[in-house]
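Here the structure comes first, spelled out in structure tokens, and everything after it is commentary.
The values are calculated or read from the model by the stated rules, or taken from the named source; none is laboratory data. Just so it is clear, the model here is predicted, and its values are computed rather than measured. Cβ atoms come from the backbone with ideal geometry, glycine included; neighbour counts cover every protein chain shown.
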Amino acid sequence: MFKDIDEFVHVHVINCYEDDTGVNIDLGAYPETPFAKSGAMDISMFKNKEQRDSNSGRATLQRLKLHLSGDLKGQVTVTKFAGAASAHADFYRMNPAYYGRSYCYFYATEWWHDESNYASMAILKHNTCDDTRTYWTKTNFYPGEAFFIATGGNAEDDGVLVFAAIDGERGASNLITLDAKTMKEISGAGVELPFHIPFTAHGEFITKSSDDAMTV
């Protein structure tokens, strides 16, 4: 029986895989459910800058290790990933070829990027192998969930990130494409749209070859 750890609530799992000594579960841990009226579902709170900036419903990115063998067998250890304690990231994405396998990179949408303002947003690339972070962020831009699309290279982060972001100055959305390795915008790949796309989450990219295989 695994020993108790501090209670938390999680919504999305980053990845889960087994190694020689146990099972690793990487996720965002919340102090309480973010879907409570006092959390992410309170419209009046979001209309009040002081309240939304001070909202405590922020995920801590961490790894739970369920030890199945070795000196810690039967125990769970928690390792928090590096990053500002006041920031918050969710909508985790990674190269799908590494689901259920040891991996290094995941991507996420981040709020409180400047550690104080809820609407300070960024797209995060976190390297779990050396616990370092890289960001894409732009003043007055508000990105939705980014989607990783592999481009066929041998490296785990060979791919692009595609997402819609509201340009606050234009009052309309941009379709933005990043090099997933460098987190830099790909020249000529961005599109300024003439309208506003509401906040996006939980879509999926499916290659034509996968789609063809599913229809056979």
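With surrounded by 14 or more Cβ atoms within 10 Å (Cβ to Cβ) and either aromatic (Phe, Trp, Tyr) or in contact with an Asp or Glu (Cβ under 7 Å, 6 or more places away or on another chain) (or both) as the only criterion, which of Tyr135, Tyr98 stands out? Don't jump to the end; show me each part of the working.
Values: Tyr135 fails: surrounded by 14 or more Cβ atoms within 10 Å (Cβ to Cβ).
Sole residue among the options that is surrounded by 14 or more Cβ atoms within 10 Å (Cβ to Cβ) and either aromatic (Phe, Trp, Tyr) or in contact with an Asp or Glu (Cβ under 7 Å, 6 or more places away or on another chain) (or both): Tyr98.
Restricting Ala213, Ala201 to residues that are at pLDDT below 80, out of contact with any helix residue (DSSP H, G or I) (no Cβ under 7 Å at 6 or more places or on another chain), outside any helix (DSSP H, G or I) and loosely packed, with under 13 Cβ neighbours inside 10 Å narrows the list to Ala201.
So which of Ala36, Ala87 ends up being among the small types (Gly, Ala, Ser), free of Cβ contacts under 8 Å to residues at least 40 places away in the same chain and either crowded, with 18+ Cβ neighbours inside 10 Å or on the phi > 0 side of the Ramachandran plot (or both)?
Ala87
Among the conditions (1) of a type outside the set (Val, Ile, Thr); (2) closer than 23 Å to Thr128 by Cα; (3) assigned to a loop (DSSP other than H, G, I, E, B), the only one that Leu66 does not satisfy is (3).
Restricted to region 42-56, and to residues there that are touching a helix residue (DSSP H, G or I) at 6+ places or on another chain (Cβ under 9 Å) and more than 14 Å from Ser116 (Cβ to Cβ), the residue that is surrounded by the fewest Cβ atoms within 10 Å (Cβ to Cβ) is Ser44.
Every test in (1) at pLDDT 95 or above; (2) out of contact with any strand residue (DSSP E or B) (no Cβ under 8 Å at 6 or more places or on another chain); (3) under 21 Å from Gly144 (Cα atoms); (4) not hydroxyl-bearing (Ser, Thr, Tyr) is passed by Asp19 save one, and that test is (3). In this structure, Gly190 does satisfy being small (Gly, Ala, Ser) and over 17 Å from Tyr135 (Cα atoms).
When region 101-113 is filtered for residues that are among the aromatic types (Phe, Trp, Tyr) and either over 29 Å from Val191 (Cβ atoms) or surrounded by fewer than 16 Cβ atoms within 10 Å (Cβ to Cβ) (or both), only Tyr103 remains. Residues in region 114-124 that are under 18 Å from Lys80 (Cβ atoms) and surrounded by 17 or more Cβ atoms within 10 Å (Cβ to Cβ): Leu124 alone. Hey, any hits in region 173-183 for a residue that's part of a strand (DSSP E or B), at pLDDT 95 or above and over 22 Å from Asn95 (Cα atoms)? The answer is yes; a qualifying residue exists. All of (1) farther than 18 Å from Ile14 by Cβ; (2) of a type in the set (A, V, I, L, M); (3) surrounded by 14 or more Cβ atoms within 10 Å (Cβ to Cβ) hold for Met183 with one exception: (1).
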